Structure formats: structure tokens, C-alpha cells
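Below: one structure, written as C-alpha cells.
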Amino acid sequence: MSYMDRLDRSAPMPVKHWSFAGLMLTYWCNARCASCYLCCGPHRLEEMSVEEALGYWESLATAEPMGCRVHLSGGEPFGDWERLVELCRRAQAQGLGPLEKIETNAFWATDANLVHARLEELDRYGMGKLVISTDPYHQEFVPMEHVRLAARVAGEVLGEHRVQVRWRDWLKDGFDTDRLSPSQRAELFASYAASGRDRFNGRAAVELTRGQQLKAPIEFADYPCAERLLRSRHVHIDPQGRVMPGTCSGIVLGHACREPLGDIWRRLADDYASRPLTGTLALVGPAGLARLAEATGFVPQSGYAGKCHLCWDVRRYLVGVSGFSDELGPAWLYLDH
């Protein structure tokens, strides 16, 4: 009997309703951060049209038994300002529900008047919060002065309670890390990653695990992923309509371009346990998935920085294995670091 056959997939495990969803308007980003779990960068041209975004937004707002709050992300959604503002304007006009937040790295915040005008317009069209990303990885590509300008003006326009900065300690004391030598930057990144703020998926699984304390795969046994995959209430929809768990890039729960979001959720609730990848991760975690993959030729590394690092390594192998490709994608995400 194979390892997969020995898994108990009969025990009920409720899948919580999705209540928080991000529309990834693009994989394009001006930055190519070492921490990016979506492997975004200037070379990625995939994008979601306004019509597609409105369709997904309506599906999220009306899906039974859910009704999701929506945020806009990327990549970098401010990379195409006209598309971003048109989407917000039309969503408000169609009564699609509140826009909880928009995420940005503030690369565009070059002038106080520009920042003020754009945020006033987004406020008029219903944006709840502005979320600004700042850390050593972003500041390799985005000047710190742009981040501080965006945060200051956003506080004036929106009120401080509507400005979220990740992370505020770096906003206060951070600097442009492109000034560092490669060795100094690597040392800073390793130290920052050791704080536990970063998820070792995507590019981070390659760039940020160097210099981390590694543990043998067996150390991550008995760490199932049901909370993140099935109970977090949070999903993302990428430019091609792939529905992914909020923090697990590259795992596909369904395709919003093919069926309504409510139907995708109900199908997941009904059959997640029978899905080779999602079911195995939910029930026994990445160590169990590794054992399953070993039967098809996967050879684990001697050590991993965490269970997400192990999971990424296994999935990077399985994306090319028959029987798993439907639950993994886009394929380039596992190769483009």
C-alpha cells in the first residue's frame, strides 16, 4: 500500500467561508525583491483587465454563502494608474461593495502634489486603506524617501488610521539598501529574514533561505497546513483567474475565469481531501507531501529553513509531474526567480 493510500481522508474538516480576497491586477512590478513569494518583476507582463477584475469582484461580492471584502494588489497595481483608477471608479458606480485597501511599494510617490491628487481620487472612489510595503528588500529598488513621502501625505489625506505600513520600524529607521555591497546586503537580508516576518515561498525560498538555520525534512513531520489552506478565509485571484490561498502562492484551488467563486468554494469544501496536493498538505503537511513525491523520484535537500521552504521545494518538483499540474501554477512561478 502506498503512502498516499494510507492517509485518512475520511475525517471531516470544515472549509471556512472566504471573506477576504485580493485581486492581483498584475505580476508586473518595478522591483524584483528577494522576498517576493510571487516572483514579480519588471519582466512579468501578465495583467488583469478592468472587465475581468470587475467580473471577479462581482462574483466575490455576491458569492453564496460568502460575500468577500476585496483588496487590490499585484505585483504593483500603481504601475498602470489609469487602469487602477478606472477599476475603482467603475466598481463604485456598479455598487460592488467596499474596496478595503490597495497595496503599493510607493515607487511612484515622487512628488507630494502627485501623491495628494492620486490618494484624493482613490478616496473619492471608496478606498478604505492604503497599504505601503517597506523593508530591506523593497529598498533595494524603491528610494526610502518615496515611501516616507507616501506615508506622510496619505496620513494627511486619509487619516493615520487608514494608512498601514509594513513595516513601521523600517519606515522609521530604514535606508536604501542598494547602497550596500552584495555581501553586506546578503548579510542584512539573512538577518531580517531570521526575524520570521517572511514566508519562504517563491523567490524568497531561493534568495532568503541562504544563511538560515536548516532542519532535516523529518523535523517538519506532523505539521499539517489546514489552517492556511482551508481555514484562513483569505484567497487571491491572479491575472489568469487562478484562485490561490492567501499566503500560499502557486497552489491553485480553482479558476475564477471558468466558474463562479461560490461554486469553487463549494467544490473545495466537498472534495479537498481527494485532491492529491491540497488534501495531502491539509492532512499531513509538507513532510507528507515530500514522502508522496519521493515515490515519483523527488530527492529532498538535506535541510530546510522551515516547512514552507520544504513545501516549495516539493511543489517545484511536482509542477512537472502528471496528476499534480491542475493544482499548481503558473508553471513559470516555480522557475522564474
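Descriptive notes on the structure:
- Of the candidates A63, A151, A117, A112, the single residue that is surrounded by 15 or more Cβ atoms within 10 Å (Cβ to Cβ), small (G, A, S) and at pLDDT 95 or above is A151.
- Residues in region 285-318 that are out of contact with any helix residue (DSSP H, G or I) (no Cβ under 6 Å at 6 or more places or on another chain) and over 15 Å from G202 (Cα atoms): G285, E294, A295, T296, G297, V299, Q301, S302, G303.
- The single residue among G246, G262 that is over 23 Å from L38 (Cβ atoms), modelled with pLDDT under 95 and either crowded, with 16+ Cβ neighbours inside 10 Å or of a type in the set (K, R) (or both) turns out to be G262.
- The number of residues in region 66-95 being surrounded by fewer than 16 Cβ atoms within 10 Å (Cβ to Cβ) and charged (D, E, K, R) comes to 2.
- Unique match (being more than 30 Å from E207 (Cβ to Cβ) and in contact (Cβ under 8 Å) with a residue 60 or more places away in the chain) among E82, E58, E64: E64
- Region 202-256: number of residues that are under 16 Å from T278 (Cα atoms) and assigned to a loop (DSSP other than H, G, I, E, B): 14
- Selection status of F175, touching a Leu at 6+ places or on another chain (Cβ under 8 Å), more than 24 Å from H71 (Cβ to Cβ) and either assigned to a helix (DSSP H, G or I) or modelled with pLDDT of 95 or more (or both): no
- Of the residues making up region 16-43, those that are closer than 26 Å to R233 by Cβ, surrounded by fewer than 20 Cβ atoms within 10 Å (Cβ to Cβ) and not polar (S, T, N, Q) number 3.
- Scanning region 201-243 for residues that are of a type in the set (A, V, I, L, M) and crowded, with 20+ Cβ neighbours inside 10 Å returns A204, A205, L208, L229, L230, V235, I237, V243.
- First in region 230-247 and over 17 Å from W57 (Cα atoms), second anywhere and buried (at least 23 other Cβ atoms within 10 Å of the Cβ) and not aliphatic (A, V, I, L, M), Cβ under 8 Å, 6 or more apart: T247/N201
- When we screen G285, G297, G250, G306 for residues that are out of contact with any Phe, Trp or Tyr (no Cβ under 7 Å at 6 or more places or on another chain) and not aliphatic (A, V, I, L, M), the only hit is G297.
- Selection count where residues are part of a loop (DSSP other than H, G, I, E, B) and at pLDDT below 95, scope region 320-337: 8
- Flag for E259 being in a helix (DSSP H, G or I) and acidic (D, E): no
- Filter pass, L292 being touching a strand residue (DSSP E or B) at 6+ places or on another chain (Cβ under 9 Å), touching a residue at least 12 places away in the same chain (Cβ under 8 Å) and aliphatic (A, V, I, L, M): no
- Here is the figure for region 120-148: residues that are of a type in the set (D, E, K, R), over 30 Å from A190 (Cα atoms) and either crowded, with 23+ Cβ neighbours inside 10 Å or more than 24 Å from the chain's Cα centre (by Cα) (or both) total 4.
- Taking the criterion of being among the hydrophobic types (A, V, I, L, M, F, W, C) and either in contact with a helix residue (DSSP H, G or I) (Cβ under 6 Å, 6 or more places away or on another chain) or without any contact (Cβ under 8 Å) to a residue 12 or more places away in the chain (or both), the residues of region 123-148 that qualify are L130, I132.
- Number of the condition not met by M1 [criteria: (1) modelled with pLDDT of 95 or more; (2) in a loop (DSSP other than H, G, I, E, B); (3) more than 24 Å from I251 (Cβ to Cβ)]: (1)
- Note on region 248-265: residues that are in contact with a Pro (Cβ under 9 Å, 6 or more places away or on another chain) and more than 14 Å from R316 (Cα to Cα) amount to 3.
- For first residues located in region 321-337 and surrounded by fewer than 18 Cβ atoms within 10 Å (Cβ to Cβ), partners that are β-branched (V, I, T) and lie 6+ apart or on another chain with Cβ distances below 8 Å form the pairs V321/T296; S325/V319; D326/V252; A331/V319; H337/V206.
The values are calculated or read from the model by the stated rules, or taken from the named source; none is laboratory data. All of these numbers come straight from a predicted model, not from anything done at the bench. Positions of Cβ are generated from backbone atoms using ideal geometry, with glycine treated the same way; all protein chains shown enter the neighbour counts.
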